[in-house]
Amino acid sequence: VLDIAKVIEKVIVGYQPDTILTHSSSDLNIDHRQVLEGVLVARRPQPGCCVKRVASIEIPRATGWIPSVGKEFIPNYFVSLDQVDWQAKCAALNCYADEMRAFPHARSMEGLDALSKYRGSSIGVERAEAIMMLRWIED
């Protein structure tokens, strides 16, 4: 994890982001969990740090598959998606055609549509992205 953290730190220094979206601790893929750990190591709160927000995102068919109590993906921040946002997300997903699957797989366009509608219905909008905020520093 330390080697990953060092690479992430170099990227952070180069780009100076205020927000990092990364994987969830409930992700089944070990490399995804290692990236999360690398981000958290690289961005320990310290004076002058540019990163104010660190959050986990949902990766369909990976997030939530770890059978460990205490590592659940529990979203506490939502971003509503209007039709323009949804179309942009679909276009972006087309760049990952090798990762997409046929329905009823969770990583199918139909599955992702259902997930966005489910997340939206939980907050009273048509579609939403669910995020688990890990750190939020307000100046």
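Quick check on my filter: what residues within the range 91-100 are free of Cβ contacts under 8 Å to residues at least 12 places away in the same chain and either open to solvent by less than 100 Å² (accessible area, probe 1.4 Å) or in contact with a Gly (Cβ under 9 Å, 6 or more places away or on another chain) (or both)? Full working, then the answer.
Keep residues of the range 91-100 that are free of Cβ contacts under 8 Å to residues at least 12 places away in the same chain, which gives 91-92, 94-100.
A91, A92, A97, E99, M100, listed by residue number.
Being open to solvent by less than 70 Å² (accessible area, probe 1.4 Å) and either among the hydrophobic types (A, V, I, L, M, F, W, C) or assigned to a helix (DSSP H, G or I) (or both) is the filter here, so list the residues in the range 124-139 that pass it.
V125, A128, A130, I131, M132, M133, I137
Restricting to the range 60-90, what's the tally of residues that are among the aliphatic types (A, V, I, L, M), within 16 Å of R127 (Cα to Cα) and under 18 Å from the mean Cα position of the chain (by Cα)? Don't jump to the end; show me each part of the working.
Just the residues of the range 60-90 that are among the aliphatic types (A, V, I, L, M), to begin with: 62, 66, 69, 74, 79, 81, 84, 88.
When the remaining residues are screened for being within 16 Å of R127 (Cα to Cα), the result is 79, 81, 84, 88.
Those still in the list that are under 18 Å from the mean Cα position of the chain (by Cα) too: 79, 81, 88.
Residues meeting the conditions: 3.
Please give the number of the condition F103 fails out of (1) surrounded by 11 or more Cβ atoms within 10 Å (Cβ to Cβ); (2) under 17 Å from the mean Cα position of the chain (by Cα).
That leaves (2) as the condition not met.
Tell me the residue from A88, A114 that is open to solvent by less than 80 Å² (accessible area, probe 1.4 Å) and farther than 30 Å from I137 by Cβ, please.
It is A114.
The values are calculated or read from the model by the stated rules, or taken from the named source; none is laboratory data. None of the values given here were measured: they were computed from a predicted structure. So basically every Cβ, Gly included, is an ideal-geometry build from the backbone, and we count neighbours across all protein chains shown. Note: areas computed on protein heavy atoms with side chains; ligands, DNA, RNA excluded. Shrake-Rupley method; radii C 1.70, N 1.55, O 1.52, S 1.80 Å.
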